[in-house]
Amino acid sequence: MPSCDCVDRDLLVVKAIFFFFFSGMACVSPYMSIYMRHLGLRPSQTGVITATKNFMSALIKPLLGSIADKSGRPKVVAILTVLAATALHFSLMFVPPVPSAAAPQTTRQQERRRLEEDNHTKTTCSLPGGVGRAMDLRGADDTHAQPWFSLTFWLVFWIMFTSHGAQWSSTSQVEAATYQIIKKKDDSTFGRQRLWGSMGFGLFSLLSAVAMDTFTDSPGNKTDYSVTFYMFLAFMLVSLGFLFFLDDWSTGPSVAFLEGVSELLSHLHLVIFLFAVLLLGAYDGAGDTFMYWHLKDLGASQTVIGINMFVRTLVEVPLFLVSGWFIDKIGHVWALQLSFVVFALNFLGYSLIGNPWWAVLIDVIHGYQAITWTAATSYASVSARDDLQAVAQGIVSATFYGLGYGVGNLVSGPVFHHYGAVGLFRSLTVCCLVGFVLFYLLYRCYGKRGVCTDPDTEEEDTAPMLVSAAVMPKPGAFLHGGSVTTEAGETLGSLRIVRPQSKQDGNEIRQFSP
């Protein structure tokens with residue numbers, strides 16, 4: 001009798017790990033940039049901290065993945081990384097804010113904010129830059145009084161620098177375990193496991209926001225973030241407990257780290273695919289870091305931001321369910337290609353809003369990131385051997401959340417500081433369209449060259465299959481002048497099968513002329 005996926009013990013534990021891990025991260029991760037603002041740090045400092053931690057995670061994630069594969073004990077590595085990173089993240093609650101003498105003058109900011117919101121329509125009509133630019137320039141003068149290298153800056157910098165990569169590396173290792181489990185079952189069910197993470201993230205990003213507004217004494221006071229740190233700690237400890245119940249997914253000792261990375265990066269199609277992942281990570285990192293900062297400037301409460309996160313992740317749930325089917329229909333490359341278009345529409349919408357509630361509607365299309373992530377991780381999984389699965393997932397995660405987020409935050413911090421949110425988001429819109437064209441040309445020109453340049457296609461030991469087995473003519477058939485095309489309709493050449501006059505070399509002769 002076939003077993004039901006929903007009661008499979010291994011996959012049930014995986015679902016629980018994803019749910020509680022992302023529930024914990026939802027309590028602090030979406031609000032980290034505005035928490036830095038709460039501590040008195042300015043946009044350029046926030047950009048540097050976020051960029052540095054992501055660059056560091058780009059090194060830590062594949063390195064820990066390699067250690068997990070090389071040692072043959074990925075479960076132990078995942079448990080230790082979650083434990084260490086959770087303790088470091090929780091310690092952010094005890095970082096003191098910037099001293100009031102150096103911090104921005106909040107009273108002046110509040111007065112300026114009320115004045116600008118009252119005159120927003122009139123002011124923006126006279127600006128050549130477009131909608132909302134006046135509101136983006138607030139606070140620029142106030143932050144000049146703050147010293148760059150304060151105690152608060154260094155404490156946040158080093159805590160985030162050491163903890164971020166380790167925290168998300170464990171997720172990559174659990175994703176590698178998930179792919180190993182579903183490979184044994186010969187089923188494409190990754191989206192159905194990962195959606196539980198989105199459910200937890202969406203639900204508790206909202207509940208933690210409501211909790212912050214509830215525990216804040218009065219609307220005029222600063223937001224109380226302590227409750228979210230305690231929620232984060234509780235959920236991470238629960239996910240850590242479920243990690244103990246997950247069966248060890250090791251496939252035996254792997255190759256050395258550099259050898260494994262070099263083997264994976266020797267495939268040109270994978271390098272081009274990772275380049276697209278890098279661009280998308282840069283765009284997403286820049287948007288995520290300063291979108292909530294922008295919403296706070298528009299007067300959004302923590303509850304509004306939480307609802308925004310809830311809606312965005314709620315849309316991911318059904319898309320994770322259909323992600324496997326969708327990718328099978330259009331392919332990994334086009335699934336990732338569409339991400340550039342979705343991101344461009346998202347950023348364009350952010351640049352036009354004057355009310356934070358409009359961001360909730362705009363972020364509905366952000367749910368497509370479920371398909372983006374499934375396409376990226378599954379492409380890496382089918383491109384890597386079993387003993388390089390953790391390294392492959394670590395490379396994808398490091399490229400998107402490490403290098404990508406790092407580059408995005410490093411560039412977007414100064415842009416946001418000098419040109420405001422409107423200038424930043426419209427620049428990102430243009431960059432997404434450029435990335436779309438660049439990825440299309442690179443993959444079309446170089447990604448399909450050579451044997452086995454796309455893991456979506458099967459190959460024989462001697463030569464790649466030109467047509468699928470389902471439509472291959474049977475032995476003895478005649479086909480004159482038949483054209484061979486790709487799924488996109490691109491003509492590769494003509495195929496002619498003729499019956500041999502003598503059976504010297506086999507049953508038939510296949511001739512292909514490009």
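Summary table below
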{"read-out": "Long-range neighbours under 8 Å by Cβ, at least six apart or interchain, first residue modelled with pLDDT of 85 or more within the range 253-276, second crowded, with 17+ Cβ neighbours inside 10 Å and of a type in the set (Lys, Arg)", "value": "269/448"}
{"read-out": "Residue in the range 143-156 that is part of a helix (DSSP H, G or I), in contact with a His (Cβ under 7 Å, 6 or more places away or on another chain) and either at pLDDT below 75 or surrounded by fewer than 22 Cβ atoms within 10 Å (Cβ to Cβ) (or both) present", "value": "no"}
{"read-out": "Only one of 363, 328 that is in contact (Cβ under 8 Å) with a residue 40 or more places away in the chain, acidic (Asp, Glu) and within 30 Å of residue 38 (Cβ to Cβ)", "value": "363"}
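Residue-by-condition table, conditions (1) open to solvent by 20 Å² or more (accessible area, probe 1.4 Å); (2) assigned to a helix (DSSP H, G or I); (3) farther than 14 Å from residue 397 by Cβ:
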{"site": "12", "(1), (2), (3)": "yes, yes, yes"}
{"site": "21", "(1), (2), (3)": "no, yes, no"}
{"site": "30", "(1), (2), (3)": "no, yes, yes"}
{"site": "47", "(1), (2), (3)": "no, yes, yes"}
{"site": "56", "(1), (2), (3)": "yes, yes, no"}
{"site": "59", "(1), (2), (3)": "yes, yes, no"}
{"site": "87", "(1), (2), (3)": "yes, yes, yes"}
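The values are calculated or read from the model by the stated rules, or taken from the named source; none is laboratory data. Remember, predicted model here, so these are calculated numbers, not experimental data. As a convention, Cβ positions derive from the backbone with ideal geometry for all residues, glycine included, and neighbour counts pool all protein chains shown. In case anyone asks, the SASA skips ligands and DNA or RNA and just uses the protein heavy atoms, side chains included. Shrake-Rupley method; radii C 1.70, N 1.55, O 1.52, S 1.80 Å.
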